[in-house]
Every structure is written in C-alpha cells, then in structure tokens.
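Peer 1: Take this structure first; my questions come after.
The values are calculated or read from the model by the stated rules, or taken from the named source; none is laboratory data. Predicted, not measured: the structure shown is a model, and the values here were computed from it. Cβ placement follows ideal geometry from the backbone for every residue including glycine, while neighbour counts extend to all protein chains displayed. For accessibility, only protein heavy atoms count, side chains too; no ligands or nucleic acids. Shrake-Rupley method; radii C 1.70, N 1.55, O 1.52, S 1.80 Å.
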Amino acid sequence: MPVDVADPATAAADALLPRPFRVVANRRETSDTVTLELEPLDGDGLAFAAGQFTMLQAFGVGEVPISISGDPARPGLLVHTIRDVGGVTRALCAAEVGDVLGARGPYGRGWGVSDARGGDVVVVAGGIGLAPLRAAVLEVVRARSGFGRVHVLYGARTEDDLLFGDDLEEWAAEPDTEVAVIVDRAATSWPGRVGLVTELVRAAAFDAPRTLALVCGPEVMMRFVGAELTARGVPASQVRLSLERNMRCGVGLCGHCQLREYLLCVDGPVLSLDAVRPQLGIREL
Amino acid sequence: MRSLQELLAEHPFFAGLDEDTVGMLVGCARNVHYRPGEYLFRQGDPADRFFVVRRGRVALDVHGPGRTEMVVDTVDEGGVVGWSWLVPPYRWFFDARATQEVSAVAVDASCLRDKCDQDPALGYALMQRVAGVMYQRLQSARIRLLDLYGTDRAG
Ligand SMILES: Cc1cc2nc3c(=O)[nH]c(=O)nc-3n(C[C@H](O)[C@H](O)[C@H](O)COP(=O)(O)OP(=O)(O)OC[C@H]3O[C@@H](n4cnc5c(N)ncnc54)[C@H](O)[C@@H]3O)c2cc1C
C-alpha cells in the first residue's frame, strides 16, 4: 500500500528521524567545550534562524538539544558548540573529523533578531550561553547598518573559559559596537574586568526604550540580568531569554519541556521576560 | 582643566548631592594618578582614604600565605574603591592595583569623618551611597559564589 505522505503519524515519525551529518571540523574552545562543524550527507544544509537548536545524536549513545552557533547566512554548515557535561555531550565532543552524527531540526523559536532593526541591541551571555547568541550577533553584524548601538556583554568563570575569542575581537572592531567581557575571578595577569555580568549591563550606554536585549546563560544569571535591564528601562517585552530546560522530542509531542502553558521546544527556547518572569524565580520546575 | 568641584559633581557616586555639599567634600579631596602596575594601597596599610575612579581600571587583589594572588573585583570609571576607612580598625583588606592609567579623586578619610560627624545629613547621604556600593559588591560576590557557569548549564 502506498504511504500517504500527508498522514500525520508518518509526518510526525519523519520529523523525529535524524539526518546524517559528517564532522568536517572539531575545534577545541576550552578544556571542556568544542565547536563542531558538520555537513549534511544527504542533500541541502539546514536553513535556520539564530537561536534555534537541533536534536543532535551520537549514534548508539543518545540525543540532546544543542543550539546552532553558526552563521544563519551559511546554512550549508551546521555549527554546534558543545560543553562536555555528561554521557551524550561527552560523545559529541569526542567526535572526530569524518565521523557521522545525526541531527534533526532546526527546532524552536529563535531570537527574532530583525525585530531590533532601527534600535539598539544588547546581547548578554553567560558561559556556554554565548553559543546560541553567536548566531544572533553574526546576523546583526552582517546587516550592521540596520541597527543602532550594539553591545555584546559576556560573563564567564575565568579567562580560560572564554569562548569565541577571535569573534569577540572581530565584533569589537565593528562600528558602534562594544564587546565587554567579565570573569568571576582571575589571575593578576588578567587585564580585563572581574565581577558579575550585571555590572556590564549597568555600565553600557543604550537607548533603553528602543533596545532589544537577548540573554542566555544559567537561569539565576538571567534573572538578575533581566532585573538589571528592566531597571535600566528596557521593557520586559523587549528582553528575550533562551530557556534551555531539558527536552526530549523537540517537536512538542512529549511534554518533557513544558513550562506553564509553554512547550519550550516549540514555543521557545526564546521567550520574552514578561512571559516567563514569574517562573524565573522558582526553583527547578 | 576641570576643577575638583566639577569632577566630583560629575561622578555617579555623588549624583544627587547639591553644590554646597560637594563643595564641602572638595576640602577633603585631591586628584591622583597611577600608572599600570602601581598600587593605590596595599593590604594591611592604614585605610586613610577612598578613591573615586574617573578613568582607568583598578583591580582588587587578595592574597594569603601559600596562595597565589587573585583578582576578586575590578573597579572602572564611575566606581569607588575602598570602604575600610569607615570601619575600625581602618586597615585595607586587599591590594588595589591600577591595571591601566588611572585617574581618581582621593578623599581623605579623617577629614571626611569629621565633616560627617559635624553634619549628620551629609553623613547619611554618604552612607547611603557607600551602602549602595557595598550592597552591589556583596550581591556580586554571593552570586559568583554559586559558581553559576561551572555547575549550572545553559546554552
Ligand atoms: C534548547 C537547548 C539548547 C541547548 N544548547 C546547548 C549548546 O549549544 N551547547 C551545550 O553544550 N549544551 C546545550 N544545551 C544543554 C544540553 O542539551 C545538555 O547539556 C545535554 O542535554 C546534557 O546531556 P548529557 O547526556 O551529556 O548529560 P546528562 O548526563 O544528561 O546531564 C549531565 C548534567 O547536566 C545537567 N543538564 C542536562 N541538561 C541540562 C540543561 N539543558 N540545562 C542545565 N543542566 C542540564 C544534568 O542535570 C546533569 O547534572 C541545550 C539545551 C537546550 C534545552
């Protein structure tokens, strides 16, 4: 019997089928984080919006959600930056050039970078949170004249934990673009700032009512950054956070990532602060 | 060249103080400059001043026997360094080191304490500002104590 392609069950099953991607580069970013570049084995690349993620699979080990850290203007190359925290991420970080991984997606709602056109953009990243924001900054930089002032504010544990050093330098060289980095603690040889990323928000000059803020990091950090941004006058509806709670199916079927009325894998991971503020203060949901 | 009165009035730490009050503070203040690597003060020294940073960056270093020195905070333009001048035994608890060319206004502690004793309204206004700075530093230290980027994950 011919399979009806419109059959919802088949469509759902297809959506859960990973496509094979070959690792073409594995770059070490820090002691526990690598960036993988992947090319599809079976056709076109994945067109994606900044802030979207894929379900990335190390065959025989498991599958996890990972944000796309590459350039949205280069969909032929699937780029992921992965921190080794457990079984699956360890296997992904260990992937060698030539290995094949599975990916399905892209999924979720991204940053909606184009909403910031004509206004200022404040990007606030903590730790590995810079990975999904890299895609957003690349999009802004590509259309630089369409935006006002741009701030990339980045907090990390120590100088050894900083990601994307070359990118940070390149972005800082763009007109009207400030890149500020702060670390939790440092050796005395570190010439940069030490403190909390909220201090960077406090010191940055932007036109708050006309600012779109994009924030990604540990939830506690996002709570404080959200408070600082709104105290500076950025409307909560213009503060977007990437909420990266555990996910399984990626397509809104399993309910694993439900947060109140939102299924984070389809309604998120990017949501505005006014939508999630009550939840941010709550312990593990 | 800008007068000390103007420099203090423009600094965020003194925002909201009227001209006469700033004028009183000027009597306790003087301009100071440090080159990269120079110390504003060293741990254990008498805390006889505090610094209003106008330009550059100051690193606060903590060290102890057998431990490598660590920077636990930096203070940039618009910030304030030092509150040990307020609390006995009036000794610095850490080193303050210029990591860039630093221009600051140093405010003499005993002069300021005298003025605050004479004028409680000035004392209160200053204490509110110092408490604000201490509160932010304490919050920053507490949140960093959670080691967010090390144990929690997002991205
Ligand atoms: C939408 C989304 C995008 C993500 N993007 C990235 C990315 O770009 N790069 C990256 O390195 N990671 C990213 N993550 C996190 C990544 O999915 C988890 O680290 C991964 O699922 C852990 O699987 P594991 O088998 O390696 O470890 P496990 O053994 O499953 O977990 C190891 C430890 O990590 C904790 N953990 C697992 N998942 C999360 C999470 N989502 N948030 C906080 N703690 C978690 C567990 O509680 C446990 O303590 C993203 C997660 C989501 C939901």
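Peer 1: As an exercise: evaluate residue A:24 against (1) part of a strand (DSSP E or B); (2) surrounded by fewer than 21 Cβ atoms within 10 Å (Cβ to Cβ); (3) within 20 Å of the chain's Cα centre (by Cα) and give the number of the one condition it does not meet.
Peer 2: (3)
Peer 1: I've got another one for you. Restricting attention to the stretch A:263-279, which residues are crowded, with 18+ Cβ neighbours inside 10 Å and part of a helix (DSSP H, G or I)?
Peer 2: Correct list: A:264, A:265, A:267, A:273, A:275, A:276.
Peer 1: Moving on. Considering A:153, A:163, which residue is in a loop (DSSP other than H, G, I, E, B), at negative phi and under 19 Å from the mean Cα position of the chain (by Cα)?
Peer 2: A:163
Peer 1: Among the numbered criteria (1) in contact with a helix residue (DSSP H, G or I) (Cβ under 6 Å, 6 or more places away or on another chain); (2) more than 9 Å from the ligand (Cβ to nearest atom); (3) of a type in the set (A, V, I, L, M), which single criterion is violated by residue A:64?
Peer 2: With respect to (1) in contact with a helix residue (DSSP H, G or I) (Cβ under 6 Å, 6 or more places away or on another chain); (2) more than 9 Å from the ligand (Cβ to nearest atom); (3) of a type in the set (A, V, I, L, M), residue A:64 is out only on (2).
Peer 1: Any idea which of A:245, A:240 is closer than 20 Å to residue A:131 by Cβ, within 16 Å of the ligand (Cβ to nearest atom), of a type outside the set (A, V, I, L, M, F, W, C) and assigned to a loop (DSSP other than H, G, I, E, B)?
Peer 2: On inspection, the qualifying residue turns out to be A:245.
Peer 1: Between A:92, A:138, A:101, A:130, which is aliphatic (A, V, I, L, M) and within 12 Å of another protein chain (Cβ to nearest Cβ)?
Peer 2: Residue meeting the stated conditions: A:130.
Peer 1: Now a separate question. May I ask you to say which residue of B:53, B:107, B:72, B:58 is assigned to a strand (DSSP E or B), more than 22 Å from residue B:32 (Cβ to Cβ) and either of a type in the set (D, E, K, R) or touching a residue at least 12 places away in the same chain (Cβ under 8 Å) (or both)?
Peer 2: After applying the criteria, what remains is B:72.
Peer 1: Scan (1) within 12 Å of the ligand (Cβ to nearest atom); (2) at pLDDT 95 or above for the single condition residue A:97 breaks and write down its number.
Peer 2: Answer for residue A:97: the failing condition is (1).
Peer 1: Spot the failing condition for residue B:44; the list is (1) closer than 18 Å to residue B:110 by Cα; (2) surrounded by 13 or more Cβ atoms within 10 Å (Cβ to Cβ), and only one is missed.
Peer 2: So residue B:44 meets the others, but not (2).
Peer 1: Quick one: is residue A:252 part of a loop (DSSP other than H, G, I, E, B), more than 8 Å from every other protein chain (Cβ to nearest Cβ), within 16 Å of the ligand (Cβ to nearest atom) and in contact (Cβ under 8 Å) with a residue 12 or more places away in the chain?
Peer 2: yes
Peer 1: Next question, about the same structure. Output the residue which, of all residues in the stretch A:80-94 that are buried (at least 21 other Cβ atoms within 10 Å of the Cβ) and of a type in the set (A, V, I, L, M), is nearest to the ligand (Cβ to nearest atom).
Peer 2: Per the stated criteria, the residue is A:82.
Peer 1: While we're here: If I ask for residues that are open to solvent by 10 Å² or more (accessible area, probe 1.4 Å) and more than 8 Å from chain B (Cβ to nearest Cβ), which ones from the stretch A:213-229 would you list?
Peer 2: Those that are open to solvent by 10 Å² or more (accessible area, probe 1.4 Å) and more than 8 Å from chain B (Cβ to nearest Cβ): A:223, A:227, A:228.
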